[in-house]
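Below you'll find the structure, written out as structure tokens, and then a few comments.
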Amino acid sequence: MRTLKNLFDRNREWAAGIKEKDPEFFSRLSHQQTPQYLWIGCSDSRVPATEIVDLAPGEIFVHRNIANLVVHSDLNCLSVIQFAVDVLKVKHIIVCGHYGCGGVRAALSGENHGLMDNWIQHIREIYRQHHSVLDAKSDESERHRLLCELNVKEQVWNVCQTTFVKEAWKSGAELNVHGWIYDISDGILKDLGVTVTDYAEASAMRARLS
Ligand code: CO
């Protein structure tokens with residue numbers, strides 16, 4: 001199939017529907033974007049950022065990768081964070097994981113997944129750091145859910161360690177970093193209670209984790 005006609009048809013209907021409700025919507029957005037939020041989430045098709053929090057185009061800046069990781073050598077993710085913080089001046093960075101994450105499951109399985117193992121290795125490191133609390137869970141699904149949560153918290157810490165976030169805090173900018181988790185089985189978001197608003201809070205949060 002050379003063209004995905006059904007998707008173009010849906011696109012026309014979607015754009016027409018929005019224009020009907022708000023004729024200036026697209027022309028207004030075409031001038032600038034002023035999102036308040038940066039979302040760092042998983043690529044999983046069941047976890048679409050904008051839909052989950054019911055926001056319109058223009059309201060949320062998004063970066064997604066397998067298992068919502070913030071890796072300090074990942075120029076893609078770092079560029080997104082820098083642009084969001086320095087240029088868009090977002091007030092909130094949300095790291096959102098989800099239960100049932102295939103990346104986290106792969107890290108727990110120990111099976112070979114090819115190239116992806118290099119990415120998953122970052123989650124295996126988190127497992128290693130928290131192995132005593134994780135191994136104490138006899139139930140496999142509980143262990144999986146806990147690692148999904150720990151992964152989010154560690155990624156919140158990684159966001160806080162980026163130079164741009166530290167600089168923003170030093171300059172007195174309002175910037176909150178949040179850790180959330182989404183349940184694909186009921187569509188409900190949960191705040192993991194690790195929100196930090198400055199570097200001291202971030203360090204204290206990280207200390208509580210280990
Ligand atoms: Co996932």
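How do the strands (runs of 3 or more DSSP E) wholly within the stretch 11-118 filter down when requiring 1 or more residues that are closer than 26 Å to Leu150 by Cβ and among the polar types (S, T, N, Q): which remain?
Where strands (runs of 3 or more DSSP E) fall fully within the stretch 11-118 and carry at least 1 residues being closer than 26 Å to Leu150 by Cβ and among the polar types (S, T, N, Q), they are 60-65.
Show the residue pairs that are 6+ apart or on different chains and have beta-carbon atoms under 6 Å apart, the first residue being within the stretch 91-103 and in the same structural domain as Trp169 (by TED's automatic domain parsing), the second being outside any loop (DSSP other than H, G, I, E, B) and near the ligand (Cβ under 9 Å from one of its atoms).
Every condition considered, the pairs that remain are Cys96/Gly41; Gly97/Cys148; His98/Cys42; Tyr99/Cys148; Cys101/Cys42; Cys101/Cys148.
Going by the structure shown, is Asp183 in contact (Cβ under 8 Å) with a residue 12 or more places away in the chain and either outside the structural domain of Val71 (by TED's automatic domain parsing) or over 23 Å from Asp44 (Cα atoms) (or both)?
In short, no.
Criterion first (farther than 29 Å from Trp14 by Cα, at pLDDT below 95 and assigned by TED's automatic domain parsing to the domain that holds Gly193) does Gly114 satisfy it?
Judged against the criteria, Gly114 is a match.
I'm trying to understand the selection: among the residues of the stretch 94-104, which are closer than 27 Å to Ala202 by Cα and within 11 Å of the ligand (Cβ to nearest atom)?
Cys96, Gly97, His98, Tyr99, Gly100, Cys101, Gly103, Val104
Of the conditions (1) touching a residue at least 40 places away in the same chain (Cβ under 8 Å); (2) charged (D, E, K, R); (3) touching a helix residue (DSSP H, G or I) at 6+ places or on another chain (Cβ under 9 Å), Arg64 clears all except one; give me its number.
In the conditions (1) touching a residue at least 40 places away in the same chain (Cβ under 8 Å); (2) charged (D, E, K, R); (3) touching a helix residue (DSSP H, G or I) at 6+ places or on another chain (Cβ under 9 Å), Arg64 misses (1) alone.
Identify, please: which residue in the stretch 11-64 is touching a strand residue (DSSP E or B) at 6+ places or on another chain (Cβ under 9 Å) and of a type in the set (S, T, N, Q) and is, among those, nearest to the ligand (Cβ to nearest atom)?
That would be Ser43.
The values are calculated or read from the model by the stated rules, or taken from the named source; none is laboratory data. This is a predicted model, so every value here is computed, not measured. FYI the Cβ positions are ideal-geometry reconstructions off the backbone, even for glycines, and counts take in every protein chain you see.
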